[in-house]
Amino acid sequence: GMVAPRFPWPHEGFFSAYDHAAIRRGHQVYQQVCAACHSVEQLSYRNLVGVAYTEDEAKDMAAEVDVMDGPNDQGEMFERPGKLSDKLPKPYDNEEAARYANGGAYPPDLSLITKARHDGQNYVYALLLGYREPPAGISMREGLYYNPYFPGGAIAMPKMLADEGVEYEDGTEASESQQAKDVVTFLAWAAEPEHDERKLMGVKWILALSIMLCTAGYFKRWKWAPLKSRKIILDVVN
């Protein structure tokens, strides 16, 4: 496919962190647009707490989903309201059901999609906005759509984003590009939820090692300066 252009993601800087408002908006886009076909199997509701939602909001969100659990004391499976430890629900029970519902195409899990694709964030963003009419001389088989950023140019996923396709809770204008940016930010966080903590820990280690280096340098000069600066006079007469 065509090489995706590079975009200035605000969390890519050395001291930069994720935009948590964008993660929340991206999760909203995922829920309303992507979740009908794609899963994020590595995420639990508890992962969203303190990142995009409060604990109470995440609990309420989980409780809206019925989860199959069990067996109970009678050896039977039963349904219960979801809780924070549950994974986000999958749209299909298995790969066969997913392929059957999508004309043979298998919608990939999105948990690590920004890591599993070359130049992942830029690729996913360009793919979401890259739908075009096929060039002259190229015809698309029924059920396929032209997207130059997808390998081969023919993709089974139709164009899903449209201006005002979702209504953001915070009042942000839901343009097509804004939705793409937010959902990519959410997926980047889902693939690397320790990103902010890792950078903060790295800054702390660099600061600590810098102090240790200065201390070691000072001690070395203090210890060796008298030895390096002393004079040895050889009295050959006496």
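The values are calculated or read from the model by the stated rules, or taken from the named source; none is laboratory data. Please read all numbers here as calculations on a predicted model, not as lab measurements. Virtual Cβ from ideal backbone geometry, glycine too; neighbours counted across all protein chains shown. Each accessible area value is taken on the protein alone, full model and side chains, heavy atoms only, with ligands, DNA and RNA left out. Shrake-Rupley method; radii C 1.70, N 1.55, O 1.52, S 1.80 Å.
I'd like to know which of Leu227, Thr215, Leu187 lies farthest towards the positive end of the charge dipole of segment 157-238, counting +1 on Cβ of Lys and Arg and -1 on Cβ of Asp and Glu.
Going by the Cα projections, it comes out as Leu227.
Considering the values (i) 225; (ii) 266; (iii) 149, which represents volume of the Cα convex hull per residue in Å³ as calculated for the structure under consideration?
Structure-derived value, by its label: (ii).
Can you give me the % of accessible surface on segment 72-156 that is carbon or sulfur? Probe 1.4 Å, all protein chains present, nothing else counted.
That fraction is 51 percent.
For Tyr149, list long-range residues whose amide hydrogen, built 1.01 Å from N in the peptide plane, is under 5 Å from its own amide hydrogen.
Correct list: Met2.
Counting heavy atoms of the protein chains only and a 1.4 Å probe, report the per residue accessible area for the chain as a whole number of Å².
Each residue of the chain exposes 65 Å² on average to a 1.4 Å probe.
How much of Met212 can a 1.4 Å solvent probe reach, expressed as accessible area in Å² and rounded to 10?
Accessible area, nearest 10 Å²: 120 Å².
Considering only protein heavy atoms, what is the solvent-accessible area of Leu161 at a probe of 1.4 Å, reported in Å² to the nearest 10?
For Leu161, the solvent-accessible surface is approximately 10 Å².
Rounded to the nearest 20 debye, what is the charge dipole size of segment 60-109 about its Cα centre when +1 sits on each Lys and Arg Cβ and -1 on each Asp and Glu Cβ?
In total the dipole reaches around 200 debye.
With +1 assigned to the C-beta of every Lys and Arg and -1 to the C-beta of every Asp and Glu, and no other charges, what is the dipole magnitude of segment 1-150 about the Cα centre in debye, to the nearest 20? List each step's numbers first, then the result.
Working: 14 positive and 21 negative charges, 161 e Å.
For segment 1-150, the charge dipole is close to 780 debye.
With label points built 7 Å along Cα→Cβ from the Cα atoms of Ala154 and Glu95, find their separation and express it in nm.
Rounded to a tenth, the inter-label distance reads 2.2 nm.
Relative to the first principal axis of the alpha-carbon coordinates of the chain, what is the inclination of helix 20-29, with its axis defined by its Cα atoms, in degrees from 0 to 90 and to the nearest 10?
20 degrees
Only loop residues by DSSP count here, and only those with at most 13 other Cβ atoms within 10 Å; note down the trypsin sites (Lys or Arg not before Pro) in segment 139-238 that meet that.
Within segment 139-238, the qualifying trypsin sites (Lys or Arg not before Pro) (loop, at most 13 other Cβ atoms within 10 Å) are Arg141, Arg230, Lys231.
So how far apart, in nm, are the two label points at Gln32 and Met68 if each is 7 Å from Cα heading toward Cβ?
For the pair Gln32/Met68, the computed spacing is 3.0 nm.
Please go through the residue pairs Lys90/Lys204; Lys199/Lys228; Lys87/Lys115 and name each one whose alpha carbons sit more than 31 Å apart in this structure.
Numbers: Lys90/Lys204 38 Å; Lys199/Lys228 41 Å; Lys87/Lys115 20 Å.
Check vs 31 Å cut-off fails for Lys90/Lys204; Lys199/Lys228.
Identify all lysines with a Cα-Cα distance to Lys231 below 30 Å; exclude those on the same chain that are fewer than 8 residues away in sequence.
In chain and number order, the partners are Lys220, Lys223.
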